[in-house]
Amino acid sequence: MEGSSFVPRSLKDDEGYIAREPVCRAERTPEGRPPDAPALRQTSGHPSGIIKGVYRKGARPFWANIHIPEVIIMKKTITRILVAVLSLTLLTACGTTAAAPSTSAETADTQAEEAAPANKEIDTLRIAFSPYADADDITTATDPLVALLQEKLAEKGYDVKNIEMTVGTSYPAVGEALSAGSADIGFMSSANYVAYSDDCNVLLTALRKAINKDSLNPADWNDGTIEEYTDDYSTYYRCIILAGPSEKGQALIAKVNAGEELTWDELNDATWAVLSPTSSSGYIYPCLWLQNNYGRSISDLENVVEVESHTSAVARLASQQADIMVSYGHIRIKNAPVWQSDFGGEGDMAEATGIIGVTDGIVNDLIAYSLASDVMADEAFRQALGEAFIEIAETEEGQEIISVFSQVGYTWGQDSDYDVTREAEALLKELNG
């Protein structure tokens, strides 16, 4: 530079002073100035950056004449721009990060809704009920089941548009419907299931409330009281041979209560009301009882009337059209309150009727599904349907519905549970030739 040697990061003003850019302190020495001239000192940290010092009187301040190269100006400008851009980037990033969770959550919800599979639609589910009771009573009691099943199945991924429910005219009629595929599921007795098990399979086994009388001695049942349910659940029930208010019926009851054995002739002389040969308590087990005690079968009796349901049998007993009927052990619990009003019976049912025989235990009834049904071929739907019945039966409304079948709940069943019934069926076929 003119008038002086080059000094890094230094500038020379028009008065010959060399200005060195200070970090904490700056000194200026004029060319040819007296040695005792005072040096200029910068006060570090002054807010305006003004340099305090001593200079010649009348001279312009040295900083007024400093020439700052454009490179330095550009560097400072670029630095300021970079700082501003960096600050703006950080602010934007923070803002984006803060909003991210909300956006991500909304996106996740949207994706979940889009990913959730729609319910599978089923046009019709067909249910057939065995005639455990009068058809009108079953139809009325089970009417609310339609809405309950549709609601439960919808929760499990199935929209069933229609549920058709029918009451079989007989126990075999339900088995035939399952075999033909005209019913998807059926409420069946164990014996009826065994008879048609080539064409259907077990879905659920029914649970019953145990009763307070379980003795094989019929006289123990005739204590002048109607049987009562206990708080226990049972997987089996007994069949009873029940005599009615007719003259012959009362004579049989009196003999049993006296501890005397009944004869075959006495039983053969009476009129019996029985159900179809596929009914466990209405035919099969009474047959086994006769075989075990007299070496005979129902087919050997001279006076037998086949009825459609247990309710029909009670009606014949009350009207004295039958002297003896066969049924499940809790038949009087259900019908004693209406013995007079519905059946025209005389007196109290506990006094007008009496047990003259008790069979071994019978495996509970079941819900079976048709192997010919396209709807029930879906294993996932079978699982959902079984769960729906179990859950409905646990509700107060469900309990009221299935009470018409004398059932209190359901549990998962399997075909092997009914092997004992198969043994009884085999024995019965052997007896009947």
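Values quoted throughout were computed directly from the atomic coordinates according to the rules given, and no laboratory measurement underlies them. Note that the structure is a prediction, hence the values are computed from the model and not measured. Note that each Cβ is placed from the backbone with ideal geometry, even for glycine, and that neighbours are counted across all protein chains shown.
Based on the alpha-carbon gyration tensor of the stretch 160-264 and its eigenvalue square roots a ≥ b ≥ c, which shape applies: rounded if a/c is under 1.5, prolate if not and a/b is larger than b/c, or oblate? Kindly include the intermediate steps, with their values, before the conclusion.
Details: a/c = 2.82, a/b = 2.06, b/c = 1.36.
Because a/c hits 1.5 or more and a/b exceeds b/c, the stretch 160-264 counts as prolate.
Find how much the distance from GLU346 to ASN257 grows on full extension, using 0.36 nm per residue of separation minus their present alpha carbon separation; answer in nm with one decimal.
On the way: separation 89, 0.36 × 89 = 32.04 nm, distance 2.06 nm.
That pair, GLU346 and ASN257, stretches by 30.0 nm at full extension.
Order these by the 10 Å Cβ neighbour count, fewest first: HIS310, HIS330.
Numbers: HIS310 25, HIS330 21.
By the 10 Å Cβ count, ascending, the order reads HIS330, HIS310.
Sequence-distant or interchain residues sharing an amide H contact under 5 Å with LEU204, placed H: which?
Residues meeting the amide H criterion: ILE367, GLY413.
Along the stretch 153-165, what does the Karplus equation 6.51 cos²θ - 1.76 cosθ + 1.60 (θ = phi - 60°) give for ³J(HN,Hα), rounded to whole Hz, x for Gly and Pro?
Rounded to whole hertz, the list is 5, 5, 5, 9, x, 10, 9, 9, 5, 10, 10, 9, 10.
Anything over 32 Å Cα to Cα? Flag those among LYS152/LYS429; LYS213/LYS255; LYS152/LYS209; LYS120/LYS334, in the order listed. The partial results should precede the final answer.
Numbers: LYS152/LYS429 42 Å; LYS213/LYS255 20 Å; LYS152/LYS209 25 Å; LYS120/LYS334 40 Å.
Violating the 32 Å Cα-Cα cut-off are LYS152/LYS429; LYS120/LYS334.
Given 0.36 nm per residue, what is the gain on full extension from VAL305 to GLU155 after removing their alpha carbon distance, in nm? Intermediate values should be presented prior to the final figure.
Numbers: separation 150, 0.36 × 150 = 54.00 nm, distance 4.72 nm.
Difference between extended and current length: 49.3 nm.
What list of ³J(HN,Hα) couplings, whole Hz, do you get for the stretch 269-275 from phi and the Karplus terms 6.51, -1.76, 1.60, once you set θ to phi - 60° and write x for glycine and proline?
Per-residue couplings from phi come out as 7, 7, 9, 10, 9, 10, 9 Hz.
Report, by chain and number, residues whose modeled amide H sits under 5 Å from the one on MET165, excluding near sequence neighbours (fewer than 5 apart, same chain).
Those lying under 5 Å, H to H, from MET165 are ILE127.
Would you mind ranking GLU396, GLU306, GLU155 by Cβ crowding within 10 Å, fewest neighbours first?
In order of increasing Cβ crowding within 10 Å: GLU396, GLU155, GLU306.
Using R₀ = 41 Å, calculate the FRET efficiency as 1/(1 + (r/R₀)^6) where r is the Cβ-Cβ separation of ASP232 and ALA118; round to 0.05. Please list the in-between numbers first.
Details: r = 44 Å, r/R0 = 1.07.
E between ASP232 and ALA118, to the nearest 0.05, is 0.40.
Counting only residues 5 or more places away or on other chains, whose amide H sits under 5 Å from the amide H of VAL408 once H atoms are built in the peptide plane?
HN-HN under 5 Å from VAL408: LEU207, ARG208, LYS209.
Place a point 7 Å from Cα of ARG296 in the direction of its Cβ. Which residues in the stretch 257-287 have their backbone N less than 16 Å from it?
Answer for this model: 261-274, 286-287.
Calculate, in whole percent, how much of the Cα-Cα pair population of the stretch 319-390 lies beyond 18 Å. Mind showing how you got there, number by number?
Values: 1528 of 2556 pairs.
Every Cα pair in the stretch 319-390 considered, those over 18 Å come to 60 percent.
Mind sorting LYS152, LYS161 by how few other Cβ atoms lie within 10 Å of their own Cβ, fewest first?
Exposure proxy ranking, most exposed first: LYS161, LYS152.
Give me P(r) over the stretch 243-366, computed from all C-alpha to C-alpha distances, binned every 10 Å, as integer percentages.
13, 48, 34, 5
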